[in-house]
1. Being assigned to a loop (DSSP other than H, G, I, E, B) and surrounded by 15 or more Cβ atoms within 10 Å (Cβ to Cβ) is the filter here; which residues of region 322-334 pass it?
2. Just give me the residues in region 132-145 being surrounded by fewer than 19 Cβ atoms within 10 Å (Cβ to Cβ) and either within 17 Å of residue 68 (Cβ to Cβ) or hydroxyl-bearing (Ser, Thr, Tyr) (or both), in sequence order.
3. When you look at residue 181, is it surrounded by fewer than 22 Cβ atoms within 10 Å (Cβ to Cβ) and closer than 20 Å to residue 107 by Cβ, yes or no?
4. Which condition number does residue 279 fail, the rest of (1) within 24 Å of the chain's Cα centre (by Cα); (2) touching a residue at least 40 places away in the same chain (Cβ under 8 Å); (3) surrounded by fewer than 17 Cβ atoms within 10 Å (Cβ to Cβ) being met?
5. Under 8 Å by Cβ, and 6 or more places apart or on different chains, what pairs join a residue from region 157-171 that is under 13 Å from residue 194 (Cα atoms) and aromatic (Phe, Trp, Tyr) with one that is assigned to a loop (DSSP other than H, G, I, E, B) and modelled with pLDDT under 95?
6. Need at least 2 residues that are surrounded by 23 or more Cβ atoms within 10 Å (Cβ to Cβ) and in contact with a strand residue (DSSP E or B) (Cβ under 9 Å, 6 or more places away or on another chain) per element, so show me which helices (runs of 4 or more DSSP H) inside region 22-130 make the cut, counting only ones lying wholly within it.
7. With respect to residue 313, is the statement that it is touching a residue at least 40 places away in the same chain (Cβ under 8 Å), surrounded by fewer than 20 Cβ atoms within 10 Å (Cβ to Cβ) and of a type in the set (Val, Ile, Thr) true?
8. Give the number of residues within region 74-95 that are farther than 21 Å from residue 165 by Cβ and more than 19 Å from the chain's Cα centre (by Cα).
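The values are calculated or read from the model by the stated rules, or taken from the named source; none is laboratory data. This one's a predicted model, so the numbers in the text were calculated from it and none came from an experiment. Cβ sites come from the backbone with ideal geometry, for glycine too, and all protein chains shown count toward neighbours.
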Amino acid sequence: MLKKTPFYEMHVKNGGKIVEFAGFLMPVQFEGIIPEHRTVRTGVGVFDVSHMGEIEILGKDRLKFVNYLTTNDTSKLELNQIQYSTMLYSDAGIVDDLLVYNLKDRILLVVNAANIDKDYQWIVDNKKYDIDIKNISDDIGQLAIQGPKAESVMQKLFDLDLSTLRYYWATEVKMKDIPVLLSRTGYTGEDGFEVYVDKKYVVQCWQMIFDAGAEHNIKPIGLGARDTLRFEMRYCLYGNDIDKTTNPLEAGLGWVVKFDTGDFIGRDSLLKIKEAGIKRKLIGFEVIGKGIPRPHQEIHAEDGKIGFVTSGTFSPSMKKGMGIGYVEKPHNKVGTRIKVIGKTPVDAEIIKGPFYKQGSRQ
């Protein structure tokens, strides 16, 4: 049975084109991917991200346990601070990438929708210390309000001065009379907020946000634009750019790996990989001329295949075909010319990321 998020009826009411995604019925678009993409780049849009998973870690050893479970250093987290991290298998393959919220009485792990059951089981199977684990994914609605106008819209709904809520921080507060967890992260390269709310309040929550954003022509945004927006920032998408066959070092996520924090799952294997030297790197590239790269297409150099595309599309902001993929070293250097093999092979060049550099939250 496919699941519906608490906001499903709002998507139908707003004319969303509904598709299956990660076991959910989700809107892929409303007005259209390109206009929705532009809405977030220039104004403000609202994403239903209730399909994401929320797993609570409770108990006195919760920070210690999450430090063992993930690759980043949770001991450095202050109260209400958020951290991007990865969970690894023992061979250093990636279980998932996730956000870690250090809240007053619990740690909240926000995981990818397609991985909720797998992640929860992985966490339970690796339980240690004095902690409890609770999967609250089905009880929570989550909206992401993204765009350069996001703060001016959301400020109308809170007594808190939102300019004081720093990037990658959260607060438990009331939105008018509704208790919410409010955070400031994002997946688009623009400024924005996330509202986590008990599912019984979702209709009021939706209406309040859209009423507050009316003067800025706020719009609902589907999965299609969510993907093109994250793509332009070169943010990794689990299942495309990272999965159990990849490790954080080759994926360019070495910055979320802290080897000096003590033991974490996958540490020994990842150290061996680091010491031996990684054999490939995740790179970004732009097409020279016409053509749109697609996932799974081979990447070639003059002497043959050197890798494959993991994400590829037409960039609405850059107005050209662009891609992300793994290539063998030393072919990963910026400026290297490559060829992407589709029905019609296209020439491309490796460039530095992010592709889009004018976001309000870079």
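1. Hits for region 322-334 are 331, 332.
2. 132, 133
3. yes
4. Answer for residue 279: the failing condition is (1).
5. Listed pairs, sorted by first residue: 167/361.
6. Here the list reads 33-42, 62-69.
7. Yes: the conditions hold for residue 313.
8. The number of residues fulfilling the criteria is 5.
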